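See below for the structure under consideration.
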Amino acid sequence: MNGKEKVVIIGGGVAGLTAGIYALKQGFEVEIYEKNATPGGECTGWNRKGYHIDNCIHWLTGTKKGTQMYDLWKEVGALSDDTEYAKIDAFYISTHEGKSVTLWNDLKRTEKELIEASPEDEEEIKKFIQYVEYSKQCLFPAAKPAEMWGVKDYIAMGKDMADMHKVMKEFGKISISEYAMRFKSPLLRKMICDYLPGEYTAYSLLVSYATMADGNGNIPMGARSNQT
Ligand SMILES: Cc1cc2nc3c(=O)[nH]c(=O)nc-3n(C[C@H](O)[C@H](O)[C@H](O)COP(=O)(O)OP(=O)(O)OC[C@H]3O[C@@H](n4cnc5c(N)ncnc54)[C@H](O)[C@@H]3O)c2cc1C
């Protein structure tokens, strides 16, 4: 016994591993119990028959410098200022009956391309882009755990995310399938539906696209995966 107090953590996903790092930094002894053969939880990926299979994670939320998540990733050693990212300039491409549209990270470029593809949807397209722009404010507060938040923290978050209120009001209660029907073009309807199952709420699409468009969902290069 070295006299240090011990923290026992159940689960070696990214949350458990992060908690472990912070506990070590505070001088605790740490033991993490993971039920699977490898740690990582939902972040685990593996190679099989020449393919890489990502369990969940497609990009890392929190890659934008200056955000609290970025500082957290730096503190636990997941990112550094030298981290290189895959060069990706679009969220995804949708195709319908031989025609395609792209959700570029450059929102102006997307707006132009979508209006060219479906001029009759111009009003709805402009609204979509505007609300993706608002959704860039949806940044995870990570400076301290929610249990330690006080009134001031909630007020600060409310101010920082003032436009997210508009997003939730407009898109927080309708499903992706319902939202798609606001567009006249079958191609744009497909584009709205291509990201998530139709029953998901529409704001999930907007927030995910905003994360990519804002440079807060990059793909760090050089991660290792488990072979099977
Ligand atoms: C489909 C999907 C896609 C996603 N895509 C992205 C993305 O692109 N970008 C992004 O940033 N985030 C993404 N996420 C979110 C991200 O993957 C998760 O938020 C994060 O990995 C959760 O980490 P966690 O440690 O909280 O939980 P988990 O990763 O679930 O870790 C929990 C761990 O605890 C272990 N465990 C559970 N019970 C026990 C027990 N009794 N004893 C021992 N061990 C136990 C589990 O085996 C697991 O390893 C995605 C999530 C999903 C589901």
Would you mind estimating how fast the stretch 1-102 diffuses translationally, via Stokes-Einstein at 10 °C and 1.306 mPa s with the Kirkwood radius over Cα pairs, in µm²/s?
-> 95 µm²/s
Quick one: net charge of residue 167's neighbours, Cβ under 12 Å, K/R +1, D/E -1?
-> +2
Non-local residues with an amide H under 5 Å from the amide H of residue 218, with H modelled 1.01 Å from N and Pro and chain starts lacking one, are 60, 62, 63
Which Rg and Dmax, in Å, describe the Cα atoms of the stretch 58-184?
-> 17.9, 54
Across all Cα atoms of the chain, Rg and the largest Cα-Cα distance (Dmax), in Å, are 20.5, 73
Long-range share for the stretch 119-228, i.e. C-alpha pairs more than 25 Å apart as a percent of all pairs, stands at 35 percent
Between the alpha carbon centres of the stretch 136-213 and the stretch 25-63 the gap in Å comes to 25 Å
The pairs in 108/184; 64/87; 4/25; 25/64; 136/184 lying past 18 Å Cα-Cα in this model are 108/184; 25/64; 136/184
Ranked highest first by the average count of other Cβ atoms within 10 Å around their residues, in what order do 122-131, 72-81, 202-211, 145-154 fall?
-> 202-211, 122-131, 72-81, 145-154
Once the dipole of the stretch 61-227 is set up with Lys and Arg at +1 and Asp and Glu at -1 on Cβ about the Cα centre, which of 118, 76, 195 lies farthest towards its positive end?
-> 76
Which whole-number percent gives the relative contact order of the chain, counting Cα pairs below 8 Å spaced six or more residues apart?
-> 24 percent
At R0 = 45 Å, FRET efficiency that the Cβ-Cβ distance of residue 4 and residue 53 yields, to 0.05 | 0.70
Estimated [θ] at 222 nm from DSSP helical runs (n ≥ 4, -39500 (n - 2.57)) normalised by residues in the chain, nearest 500 | -11000 deg cm²/dmol
Percent of beta bridges antiparallel (DSSP, the chain, rounded to nearest 5) = 65 percent
Sorted by chain and number, the residues with a modelled amide H under 5 Å from that of residue 92, at a separation of 5 or more or across chains, are 103
Give me the net charge of residue 63's neighbourhood, meaning all other residues with Cβ under 12 Å from the Cβ of residue 63; Lys, Arg count +1, Asp, Glu -1.
-> -1
Amide H contacts under 5 Å for residue 45, placed H, 5+ residues apart | 55, 226
Computed over the Cα atoms, what is the radius of gyration of the stretch 54-130 divided by 2.2 N^0.38 Å, N being its residue count?
-> 1.47
Using the Kirkwood radius built from alpha carbon pairs, what does the Stokes-Einstein equation give as D for the stretch 86-161 at 10 °C and 1.306 mPa s, in µm² per second?
-> 105 µm²/s
Radius 10 Å from Cβ of residue 210, net charge of other residues (Lys, Arg +1; Asp, Glu -1) | -1
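Since every read-out is calculated from the coordinates, none of them should be taken as a lab result. If you're wondering where the values come from, they're calculated on a predicted model, not measured in any experiment. All Cβ positions, even for glycine, are placed from backbone atoms using ideal geometry, and neighbour counts span all protein chains on display.
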